[in-house]
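Step one of this worksheet: look at the structure below.
The values are calculated or read from the model by the stated rules, or taken from the named source; none is laboratory data. Everything numeric here is computed off the predicted structure, so don't read it as measured data. Glycine gets a Cβ as well: all are built from the backbone with ideal geometry, and neighbour counts include every protein chain shown.
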Amino acid sequence: MMAVLDYLLDLGPAVMLPLVIFVIGLLLRQGVGKSLRSGIIIGVGFVGIGLVISLLTDNLGPAAQDMADRFNLGLSVVDVGWPGAAPMAWASSIGTVAIPVAILVNVLMLVFKMTRVVNVDIWNIWHMTFTGAIVSTATGSFWLGILGVVVHSAFIYKLGDWFAPTVDKHFGLEGIAIPHGSGTWSAPFAVVIDAILDKIPGIRKVNFNSTKIEDRFGVIGEPVIIGAALGLIIGFLAGYPVSDVLQLAVQMSAVMVLMPTVVKFIMEGLLPIAEAAREILDKRFQGQNLYIGLDPALLLGNSQVVAASLIFVPLTLVIAVLIPGNQVLPFGDLATIGFFVSMAVGIHKGNLFRTIISGAVIMAITIWIANMMIGVHTELARQTGTIQSGQVTSLDQGGSPISFILTELLHLQNLVPLIIIGSLYLFSVIFTYIQFKRNKIYAEEAVTTEEAGYESTRTGQ
Amino acid sequence: MKKVLVACGGAVATSTVAANKIRELLKEKNIPADVSQCRVSELGSKAAGADLIVTTAKVDRDYGVPVIHGVAFISGVGVEKTKQQILDVLN
């Protein structure tokens, strides 16, 4: 039995997962043809992401290294972003069992009335899977990996509960919760920062928001432009000749455009499972008291989230340069950096000033954690065949406190950071829980984005 | 040939679900269409030339093209209504 399992794992994700999906498709009575198609298409996704990640690491990696050497900068390990990290999670030894485990945790919590979230967002189970995969890679234990999936999923469903009122009142999405491994984990920090800012005279009245940022600067948020600009800047700083700088710019643009194009095939392969899971959950759990757990993509069209996403593309790079000893070069997550601050926008009621402050803290902590995860992240990337050489990391999920705290608790390597990040996060979560119990997370009547269509106007003093 | 853009945050997860459902719907109703996916941040430059935009995100911006909120394809609540809205725009 173990020999068979080892043989299958050795085939690599591009072969093993198609087999698994094919069998699951048959079990779900999808028919041979459809199951076969789903299986092969997920393999296509893995082959595709492998190509794109090598395009990224083979070209940006050396350039970042040269830049780091010339300016003594750090920033030599490329962030592959969630489009790079998610396939590693699915391809890990935990990958194939994580979906049923996360659903089972959800079902048990619903049965015992420990959550109101019915999570139908199967794709984002990759976050929970990633925690499990990282824990398993660090400890060498499959079962501790499963424990990681269980802890992450139980925790994120609770956060989904706590922030559902914000999703409803600020974003106008009634009956919906966003139990998400990057958008929602960062929200407790925003709750604490919001409460602190409320106590500072003067500062507490500063409020601006903008719908003009997108009209004026929307183009810099476009993935093609982000890719090209970063390629240009890094190629230039690496001291490359002009012809190579231009090459790098177009290559990085290509990475940005191609990443989702290939990763979506993995989602396509998962569709039969996602459908079946949703049907099962729909049938068993219906009622007015429940929230449907969905993807934070729902929040990304909100004008203040769009504005924050644009601001945080350059701001995240500035933070990366400022953090002492930082090795992580933000890249793959920049195109969707809005995920990190999407819930914070709601907590701050669309106040861009506060979102910039809490977002800066969130990104600094994320980058700090991503640094400490480089070793184990790289090991996972090699085990899953995503890279053959070099080092990688990611902001989303490599920079997640949940994965970091669990990994360190089970496999201690960074004691002081564990104490600092662990206590900061624990405090924020407890504080958020207290605010939730007092109905204070989204308290007074909010200024909605529709009413606040003026640009950078300070209200108050 | 109608052109439909399906957008979500990262053009990977929810837009894939919605795009698949829309392709099935249009095939069933014999409406020839090119259904493609993109990120919400790309809509500004891609909207021109599209007949319809379906987003799983709730977008506040006006793109000069009809926009339908397609969250129903993800949540499963109100799918028929959303399908009808899409057919109304494309017919």
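Some observations on this one:
- Condition broken by residue A:233, with the remaining ones in (1) assigned to a helix (DSSP H, G or I); (2) farther than 23 Å from residue A:370 by Cβ; (3) free of Cβ contacts under 8 Å to residues at least 40 places away in the same chain satisfied: (2)
- Flag if residue A:387 is in contact with a helix residue (DSSP H, G or I) (Cβ under 7 Å, 6 or more places away or on another chain), at pLDDT below 95 and closer than 30 Å to residue A:7 by Cα: yes
- Test: residue in the range A:375-386 that is within 14 Å of chain B (Cβ to nearest Cβ), among the acidic types (Asp, Glu) and closer than 26 Å to residue A:68 by Cβ: no
- Among the residues of the range A:282-304, those identified as closer than 27 Å to residue A:111 by Cβ and at the interface with another protein chain (Cβ under 9 Å from one of its Cβ atoms) are A:282, A:292, A:294, A:295, A:296, A:298.
- Taken over the range A:278-322, the residue count meeting the criterion of being in a helix (DSSP H, G or I), under 22 Å from residue B:10 (Cα atoms) and not hydroxyl-bearing (Ser, Thr, Tyr) is 17.
- For beta carbons closer than 6 Å, sequence separation of 6+ or different chains, a first residue in the range A:24-40 that is touching a residue at least 24 places away in the same chain (Cβ under 8 Å) and a second that is among the polar types (S, T, N, Q) and part of a helix (DSSP H, G or I), the qualifying pairs are A:25/A:35; A:25/A:38.
- Residue check, residue A:332 outside any helix (DSSP H, G or I), crowded, with 24+ Cβ neighbours inside 10 Å, at pLDDT below 90 and within 11 Å of chain B (Cβ to nearest Cβ): no
- Of all residues in the range B:33-64, those being within 14 Å of another protein chain (Cβ to nearest Cβ), over 11 Å from residue B:7 (Cβ atoms) and in contact (Cβ under 8 Å) with a residue 24 or more places away in the chain number 1.
- Exactly one residue out of B:44, B:64 is surrounded by fewer than 18 Cβ atoms within 10 Å (Cβ to Cβ), among the small types (Gly, Ala, Ser) and more than 23 Å from residue A:336 (Cβ to Cβ): that is B:64.
- Output for the range A:1-23, where each listed residue is outside any helix (DSSP H, G or I) and touching a residue at least 24 places away in the same chain (Cβ under 8 Å): A:12
- Some residue of the range A:227-247 being buried (at least 20 other Cβ atoms within 10 Å of the Cβ), within 9 Å of another protein chain (Cβ to nearest Cβ) and within 22 Å of the chain's Cα centre (by Cα): no
- Yes/no for residue A:121 being among the acidic types (Asp, Glu) and at pLDDT 95 or above: no
- Complete set of residues in the range B:68-88 that are hydrophobic (A, V, I, L, M, F, W, C) and modelled with pLDDT under 95: B:71, B:72, B:73, B:74, B:77, B:79
- Residue match in the range A:279-290 (condition: surrounded by 19 or more Cβ atoms within 10 Å (Cβ to Cβ) and modelled with pLDDT under 95): yes
- Residue list for the range B:5-32, restricted to those being without any contact (Cβ under 8 Å) to a residue 40 or more places away in the chain and at the interface with another protein chain (Cβ under 9 Å from one of its Cβ atoms): B:10, B:11, B:12, B:13, B:16, B:19, B:20
So that you can scan it fast, the table gives a plain yes or no per residue for (1) more than 13 Å from chain B (Cβ to nearest Cβ); (2) touching a Leu at 6+ places or on another chain (Cβ under 6 Å); (3) among the basic types (Lys, Arg):
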{"position": "A:118", "(1), (2), (3)": "no, yes, no"}
{"position": "A:124", "(1), (2), (3)": "no, no, no"}
{"position": "A:128", "(1), (2), (3)": "yes, no, no"}
{"position": "A:136", "(1), (2), (3)": "yes, no, no"}
{"position": "A:148", "(1), (2), (3)": "yes, yes, no"}
{"position": "A:174", "(1), (2), (3)": "no, no, no"}
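- Of the listed requirements (1) within 14 Å of the chain's Cα centre (by Cα); (2) surrounded by fewer than 24 Cβ atoms within 10 Å (Cβ to Cβ), residue A:408 misses just one: (1).
- Any hit, the range A:177-187, residues being modelled with pLDDT of 95 or more and away from chain B (no Cβ under 14 Å): yes
- Check on residue A:402, surrounded by 15 or more Cβ atoms within 10 Å (Cβ to Cβ), assigned to a loop (DSSP other than H, G, I, E, B) and modelled with pLDDT under 95: no
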